[in-house]
Amino acid sequence: MTHKVVSLEVVSSRRSKPRFSFLQRNPGLRAPLGLVVPLVLLAIVITLVNPVFLDARNLFNVFRQISIFLVLGTGMTIVMAARGIDLSVGSNVALSACVTAIVLKSGLAAEAAVPLAIAAGIGVGAIVGLVNGTFVTVFKVPPLIVTLGTLTAVRGAAYLVMGPNQLRNFPDAFSFIGQGTVLGLPMAGLIAVVVVILGAYLMNRTRFGAYVLALGGNRSAAVRAGIRVGRYELLAYVSCGALAGLAGIMLASRLDAAQAVLGAMMELHAIAVVVLGGTLLFGGFATLLGTLLGAVFLGVAENGLLLMRVPFYWQQIVIGLTLVIAVAIQLARFRRQGMTTE
């Protein structure tokens, strides 16, 4: 009969092995999940003030309302991961919606007009992203300046193709995108969730996502590693533009109308949901789960302000302050960790 001799040191080391919490094992979830408690508290406060908040129809409307910001936020997350920014997405939404509406009203049969209009809207958005990316990557113009310029230029292009007119009454197959339901859920919301899932897969499971995060985190190191940073940065802007085009299609479908004034200030909403969710404004880290929670938080806040009959201009003040506070929290976290934004 044999006996196993176990070292007391081994036993001791096993017993003293540190046990890490869930967030310690998954540090990337720390920022997005930090929104859960404030979101729950916000929902409780709004419900106490106006119980209508929990009405199924109201929650349905919130889900449909945030769908466009989710799509825009996904594109903005990709660009910000590369240490960029796109201020032109709101204008891009307007131009894409107008082009989509023009194709829908071109006289083609609905069976041909609807898919062609959708392709045109996304294509126009991608072209705007391509222009932004080209100026950033080829001509080395800072993203803030490029997209600030295209914010105005693309809005002008929307007025150029549409003028002061408004196109309405689109085919039912197109209106279903923004107004229809599937299993009791808004079609627009389901599209947005699919976009977020695909964006998360792209950023976490593909070479594209890894390279975008690499160039956003340390561009010089990415270049030394042989990554063609210009190509992936350009693709990030094209992706953001294409998703802005999709958001324009969804907005035109929901309103059953299109005009050049659509999308005003949507760039602020897109940036706010991304930064609120924990994606770094300085590149190198992105979380689509955070973008989803950020969109829900902002949508709930706006809906709560409406239910409380708060004037519209106060809503804008809240959104602006939310963005500033979120960035300030990010900066404080960076300083606490001894990191730099240079």
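The values are calculated or read from the model by the stated rules, or taken from the named source; none is laboratory data. Computed from a predicted structure; not experimentally measured. When we count neighbours, we look across all protein chains shown, and the Cβ atoms used for this are built from the backbone with ideal geometry, even at glycine.
Name the pairs whose Cβ atoms lie under 6 Å apart, with the first residue in segment 30-43 and within 15 Å of L292 (Cα to Cα), the second outside any helix (DSSP H, G or I) and at pLDDT 85 or above, and 6 or more positions between them or separate chains?
From residues that are within 15 Å of L292 (Cα to Cα), the pairs are A31/G278; P32/G278; P32/T287.
Scan segment 309-324 for residues that are surrounded by 14 or more Cβ atoms within 10 Å (Cβ to Cβ) and either aliphatic (A, V, I, L, M) or at positive phi (or both) and report the count.
Initial filter on segment 309-324 (surrounded by 14 or more Cβ atoms within 10 Å (Cβ to Cβ)): 310, 315, 318-319, 322-323.
Applying the additional criterion that residues be either aliphatic (A, V, I, L, M) or at positive phi (or both) yields 310, 318-319, 323.
Counting residues in segment 309-324 that are surrounded by 14 or more Cβ atoms within 10 Å (Cβ to Cβ) and either aliphatic (A, V, I, L, M) or at positive phi (or both) gives 4.
Specify which of the listed residues (Y232, Y201, Y211) is crowded, with 20+ Cβ neighbours inside 10 Å and without any contact (Cβ under 8 Å) to a residue 40 or more places away in the chain.
Values: Y232 fails: without any contact (Cβ under 8 Å) to a residue 40 or more places away in the chain; Y201 fails: crowded, with 20+ Cβ neighbours inside 10 Å.
The match here is Y211.
Quick one: what pairs do we get from segment 139-155, first residue over 17 Å from A97 (Cβ atoms), second of a type in the set (S, T, Y), C-beta under 6 Å, 6+ apart or different chains?
T147/S88
Within segment 277-298, work out how many residues are in a helix (DSSP H, G or I) and farther than 17 Å from I325 by Cα. Full working, then the answer.
First pass over segment 277-298, keeping only residues in a helix (DSSP H, G or I): 277, 288-298.
Subsequent filtering for residues that are farther than 17 Å from I325 by Cα retains 288-289, 292, 296.
Number of matching residues: 4.
Going by the conditions given, is G290 out of contact with any strand residue (DSSP E or B) (no Cβ under 8 Å at 6 or more places or on another chain) and under 30 Å from V161 (Cα atoms)?
Numbers: out of contact with any strand residue (DSSP E or B) (no Cβ under 8 Å at 6 or more places or on another chain): yes; under 30 Å from V161 (Cα atoms): no.
When the stated conditions are applied, G290 does not pass them.
Where in segment 19-85 are there helices (runs of 4 or more DSSP H), lying fully within it, with 3 or more residues that are at pLDDT 90 or above, out of contact with any strand residue (DSSP E or B) (no Cβ under 8 Å at 6 or more places or on another chain) and farther than 26 Å from L213 by Cβ? I'd like the intermediate steps shown before the answer.
Values: elements: 22-25, 30-33, 36-49, 56-81.
Output list reads 36-49, 56-81.
If the requirement is being farther than 18 Å from I85 by Cα and surrounded by 13 or more Cβ atoms within 10 Å (Cβ to Cβ), which of these qualifies: T206, T134, T181, T150? Give the derivation first.
Details: T206 fails: surrounded by 13 or more Cβ atoms within 10 Å (Cβ to Cβ); T134 fails: farther than 18 Å from I85 by Cα; T150 fails: farther than 18 Å from I85 by Cα.
Only one candidate qualifies: T181.
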